1. I'd like to verify a number: residues in the stretch 1-46 that are assigned to a loop (DSSP other than H, G, I, E, B) and either within 10 Å of the chain's Cα centre (by Cα) or in contact (Cβ under 8 Å) with a residue 40 or more places away in the chain (or both), how many?
2. Do the conditions hold for Val184, that is, is it within 26 Å of Phe68 (Cβ to Cβ), within 16 Å of ligand 2 (Cβ to nearest atom) and either in a loop (DSSP other than H, G, I, E, B) or not assigned by TED's automatic domain parsing to the domain that holds Ile273 (or both)?
3. Is it the case that Ile120 is out of contact with any Cys (no Cβ under 7 Å at 6 or more places or on another chain), in the same structural domain as Gly21 (by TED's automatic domain parsing) and within 11 Å of ligand 2 (Cβ to nearest atom)?
4. Would you confirm whether or not the stretch 209-225 contains a residue that is modelled with pLDDT of 95 or more, within 16 Å of ligand 1 (Cβ to nearest atom), under 25 Å from Ser250 (Cα atoms) and among the acidic types (Asp, Glu)?
5. Of all the helices (runs of 4 or more DSSP H) wholly in the stretch 213-323, which have at least 2 residues that are under 30 Å from Phe167 (Cβ atoms) and without any contact (Cβ under 8 Å) to a residue 60 or more places away in the chain?
Amino acid sequence: MKRSLSGIKPTGTPHLGNYLGMIGPAISLQKTHETFYFIANYHALTSVRDAKALRLDTLSVAAQFLAFGLDPSNGAFYRQSDVPQVTELSWVLSCMTSMGDLTRAHAYKAAKDRGEEGAINLGVFSYPVLMASDIILFDSDVVPVGQDQVQHIEMARGMAQRFNHYFGETLKEPVELVQSSVAVVPGIDGRKMSKSYNNGIEPLAATKELKKQVMAIVTDSKGLEDKKDPETCNIVNLYKFFASPEELESMKSSYRAGGYGYGHAKLALLEKIESRFSPAREKYNDFMKRPDDLEDILKDGSKKARKVAEGVLDRTLKACGIR
Ligand code: ADP
Ligand code: TRP
């Protein structure tokens with residue numbers, strides 16, 4: 001069976017972009033793939049400076065994956081730091097990576113454009129190398145991610161290719177898998193939904209909070225009676241992910257006809273999100289009351305992951321003359 005691998009950083013509550021772009025598609029792959037999914041806590045350390053929050057968010061992300069339906073027995077579900085081979089292989093791969101390539105990576109480039117290149121830490125700069133290690137260490141076939149991560153998978157492929165070129169066919173070259181119908185989920189202000197823009201809708205938030213987020217979706221100032229353009233509306237652009245084609249069409253024609261307010265559309269969207277995610281929310285809340293069980297699941301997953309990791313690392317170190 002082919003192996004799918006992906007990771008998510010524990011940096012706050014996942015939003016609809018994370019769910020539709022990565023978590024949902026990744027979980028669906030468990031029907032056809034062995035799934036290796038992990039919580040990228042070392043990656044989070046490039047920005048998080050609050051130990052308590054990092055610990056809590058790590059468990060919270062684990063609970064969310066399980067609540068959304070991940071079956072941990074279908075592969076391995078683990079915490080990145082519980083597999084120390086990741087940082088070991090990362091060194092080997094860093095020796096296969098040019099500074100030039102790393103300066104073209106998105107996060108570094110963005111920091112440079114802000115004039116902050118001297119202030120970012122080495123972890124941000126070498127982020128793609130650690131990520132390549134996460135992937136290559138498990139002989140991963142496919143990596144389900146959102147569009148913004150594709151560059152990192154391409155870089156990982158490059159590192160595997162370079163290693164293989166120097167030391168002979170050793171590392172599997174991974175391929176990204178992007179849910180093309182989703183690509184980029186817009187946030188409540190129309191920009192890409194992102195934790196860093198604080199423009200998210202969090203599907204597992206309590207009803208009151210969720211309502212607040214949906215009601216805060218930015219629209220133009222047209223009144224109830226006015227005719228509206230559905231194609232440029234943030235509400236419609238989110239509604240389309242949850243509605244049937246008929247429901248979407250019906251909302252669009254109400255927009256064009258007038259007499260249908262943005263408040264109505266927001267409530268229709270809220271209802272969709274509520275009905276889709278309320279069972280998962282219940283499961284999530286239940287898991288968060290049982291942190292010891294979450295720990296057990298992650299520990300069990302890391303045992304399985306380490307077994308695979310040891311084999312690939314051994315093969316790699318032998319191939320390049322270290323072992
Ligand atoms: P954020 O931008 O909120 O910090 P992350 O970088 O932690 O999100 O992304 C986690 C995963 O979710 C990645 O695979 C990423 O591609 C995906 N993702 C994040 N935001 C979106 C979005 N708005 N649309 C689609 N996928 C997204
Ligand atoms: N960089 C990814 C993100 O920000 C998280 C991540 C870390 C990852 N390692 C990975 C994703 C390996 C896929 C495969 O979303």
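1. 12
2. When the stated conditions are applied, Val184 passes them.
3. no
4. For the stretch 209-225, residues modelled with pLDDT of 95 or more, within 16 Å of ligand 1 (Cβ to nearest atom), under 25 Å from Ser250 (Cα atoms) and among the acidic types (Asp, Glu): absent.
5. Counting at least 2 such residues, we get 291-319.
The values are calculated or read from the model by the stated rules, or taken from the named source; none is laboratory data. Keep in mind that what you see is a predicted model, and the values were worked out from it rather than measured. Neighbour counts run over all protein chains shown; Cβ positions are idealised from the backbone, glycine included.
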